[in-house]
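Notes for the one structure printed next.
None of the figures in this text is laboratory data; all of them are computed from the coordinates on show. Only a predicted model underlies this, so the values are computations on that prediction, with no experimental measurement involved. Methodologically, a virtual Cβ is constructed for each residue, glycine included, from the backbone with ideal geometry; neighbour enumeration extends over all protein chains shown.
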Amino acid sequence: MHTINNEIFILLDSSGFGGIESHVLNLARGLKRAYQPVCIVFYQCHGSHDLAEKARQEGIALVKLDGRLSSLYRLLNQHKPHILHTHGYKSSIIGRVLAKILSIAVVSTHHAGEPGPGRIQFYTYLDRLLFSWAVNIAVSKTVACQLPAKAAVIANFVACPAQLPKKQMVSKSGHIAFVGRLSHEKGPDCFMDLASQLTTLQFSVFGDGPMRETLQRTSTANVHFQGNVSQMQSYWQDIDYLCITSRHEGLPLVALEAMANGVIVIAFSVGGLAHLIQHGKNGYLISPADTNAMAQMLIRLMSCSEQQLQRIRRQARHHIQQRYSTERLLPRVMSVYRYALSKAAI
């Protein structure tokens, strides 16, 4: 893989650690391993940040700005990166405008599968208006179909651990997890409904968000709230099933991470999940919002033999290695970078 001759700046505006931040970290890690100079740029500093801490620990360059256009302009004008890669509505809009002024090649990755309320609708409108000012990537076919013109479809990707963690046979106290933002589009209320139907099983919620207080107040005793965790890697070995109860999705990184770690994923068939999961082979798909069917699937899996469950785990991991690993997909991102450079030179 040939490197780009100068630095790649990855721009985002972030106050927490979720799917976009995980993607950015995986991308920066992959570029660094490929000996490609890379720098993560926060448009605005929101205080301490897990992504910033992880980047520093791994020797990845990082800059935090003050949320002013003039500060980003000065940074880009001084360093003149060959590629500006934007993530998220706000940074993509700002990044494209400044890249246009400074004649910098710009690539935008589109992550969102949900329409979004309020201010997000306005950002979405501007994002679509300035769509042609960038070379665009969508993380799933579902997201690509929502865009105003063609985009390269390159899935989210993860690094696979060297080997699957050893798991004990699933028992009647099987550990079931929700990982994500506690907001309406992610369906944590559906996860609570699932837990209320299966009170002999243990349910854990990893994440935070505007619905947390209500969810905690109404949850059953078998639900445990873990809050935000900076690193899921140390938790996967203790989780038997990941239930994804989202109402809208792109291609959630948490599904890739779980499968790479041998966790069986049971998900509502929304967004890119319908393409990621092969029902009954490497995971399970349930009709959207059908918590009764998801509960029945969990009950059925509890009666499976360890050999049957291990087969699903191995196939899930193999699928991620072959189609969603950093090694497989980073070369495609680099190809988009080279195309953006050639387009900018015209």
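List of remarks:
- Cα long-axis angle, helix 119-129 against the chain (0 to 90 degrees, to the nearest 10): 50 degrees
- Ascending count of other beta-carbon atoms within 10 Å, so fewest first, for Thr200, Thr109, Thr142, Thr220: Thr200, Thr220, Thr142, Thr109
- In this label model, Leu129 and Glu306 are separated by 6.1 nm, measuring between points 7 Å along each Cα→Cβ vector.
- Computed over the chain, the alpha-carbon pair-distance distribution with 20 angstrom bins reads 31, 56, 13, 0, each value a whole percent.
- Fluctuation leader among Ser108, Ser287, Ser246 - the chain, Gaussian network, Cα springs under 10 angstrom: Ser287
- Taking the DSSP bridge list for segment 1-128 and keeping only pairs wholly inside it, about 5 percent are antiparallel.
- FRET E, pair Gln322, His275, Förster distance 22 Å, beta-carbon r, rounded to 0.05: 0.95
- Candidates Pro252, Pro148, Pro288: whichever shows maximal mean-square fluctuation once the chain is modelled as a Gaussian network with Cα springs under 10 Å: Pro148
- Take the Cα radius of gyration of segment 195-279 and divide it by 2.2 N^0.38 Å, N being the number of residues; the result is 1.12.
- In plain terms, the residue of Lys150, Lys281 with the fewest other Cβ atoms within 10 Å comes first and the most crowded comes last, giving Lys150, Lys281.
- In straight-distance terms, cross-link reach from Lys64 covers every one of the aspartates and glutamates whose alpha-carbon lies under 20 Å from its own, apart from those fewer than eight places away in the same chain; here that gives Glu7, Asp13, Glu21, Asp50, Glu53.
- Where only alpha carbons of segment 230-303 are counted, the Rg and the Dmax (Å): 11.8, 33
- The Cα center of segment 43-87 and the Cα center of segment 327-342 differ in position by 21 Å.
- Straight Cα distances below 15 angstrom link Lys141 to the aspartates and glutamates Glu114, Glu249, with same-chain residues fewer than 8 positions distant left out.
- GNM flexibility winner over the chain from Ile176, Ile93, Ile101 (Cα, springs under 10 Å): Ile101
- Here the average projected area of the convex hull drawn through the C-alpha atoms of segment 175-323 stands at 7.9 nm².
- Given Lys80/Lys100; Lys54/Lys100; Lys150/Lys281, the pairs whose alpha carbons are separated by over 21 Å: Lys54/Lys100; Lys150/Lys281
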